[in-house]
Amino acid sequence: TKLHKAMTFVADITYPDYSIDNWNDTRASSYSKSVLVRNFNLYSQTFPEDQYFKWMATSGKQGAHPESLIAQYPEGGYFMMRNGWTTSSTMIVVKNNENPLSAWHCQADNGTFSFWHKGRNFLPDAGVYSYNTDANRRDYAATANHNTVTLGTSSYVSGAQEVELLKSATVDGNEILVTRHLIKDGIQHRRAFVFVDREYLVVIDDVYGGAQNTVTVNMHLATTEDAPTSISEG
């Protein structure tokens, strides 16, 4: 049923530490672990035969997690890859969703992704901090403030995105996901994710159709004084 699929989506997009990202206008701060566990308990009561909901509701003490390490929602444009179900695991969420009705809560950030590893989200989604219409909200929602490709710093045209899942496969133990979207005026962005040996992630960007000289690759590694992140160049 549609209700069961929507509930499963929430379970699939929740990181192993019971946190959730700011995808679109999710407002992750509203989804604490206690809120998520409460919801999973409600899901389990609604579908008592579902072992996944029971597993999520009990932090793995009962029920069972899915055998598959990849979840796909091509209509909604979300894809999740992982190498396990514990807090020592790695989980990747890719967002590439279409917005034909120019819905306000759907941010123009196709191709963005997160990289959660051993309890830390290295590439969190900018999402939104508020539903207000002030300048800060527009800054958070800007395409360039997400982990995706832009033409210069220009945001994608809201409501104009054509998106497509080109490939999703497991090849020799490597998870491969390829998505595509129209940036504007025939300019396409194809992004390939290769989860090599389910240990490290390779991201390959291909922009074609013109204006390549203005392409900017935006990556926003989270870093704090207590948990700094460094980039090695070479």
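Before moving on, here are some points about what is shown:
- Residues (under 16 Å from LYS95 (Cα atoms), aliphatic (A, V, I, L, M) and open to solvent by less than 30 Å² (accessible area, probe 1.4 Å)) located in region 172-193: LEU177, VAL178, LEU182, ILE183, ALA192
- Selection status of ALA169, open to solvent by less than 50 Å² (accessible area, probe 1.4 Å), among the aliphatic types (A, V, I, L, M), out of contact with any helix residue (DSSP H, G or I) (no Cβ under 7 Å at 6 or more places or on another chain) and modelled with pLDDT under 90: no
- Among the numbered conditions (1) touching a helix residue (DSSP H, G or I) at 6+ places or on another chain (Cβ under 9 Å); (2) closer than 22 Å to THR14 by Cα, the only one that SER155 does not meet is (2).
- Hey, VAL157 open to solvent by 60 Å² or more (accessible area, probe 1.4 Å) and of a type in the set (Val, Ile, Thr) or not: yes
- Just one of the listed residues (TYR43, TYR18) is surrounded by 13 or more Cβ atoms within 10 Å (Cβ to Cβ), more than 30 Å from VAL157 (Cα to Cα) and in contact with a Leu (Cβ under 8 Å, 6 or more places away or on another chain), namely TYR18.
The values are calculated or read from the model by the stated rules, or taken from the named source; none is laboratory data. Computed from a predicted model, the values in this text were never measured in an experiment. Methodologically, a virtual Cβ is constructed for each residue, glycine included, from the backbone with ideal geometry; neighbour enumeration extends over all protein chains shown. Please note that ligands, DNA and RNA were not included when accessible areas were found on the heavy atoms of the full protein model with its side chains. Shrake-Rupley method; radii C 1.70, N 1.55, O 1.52, S 1.80 Å.
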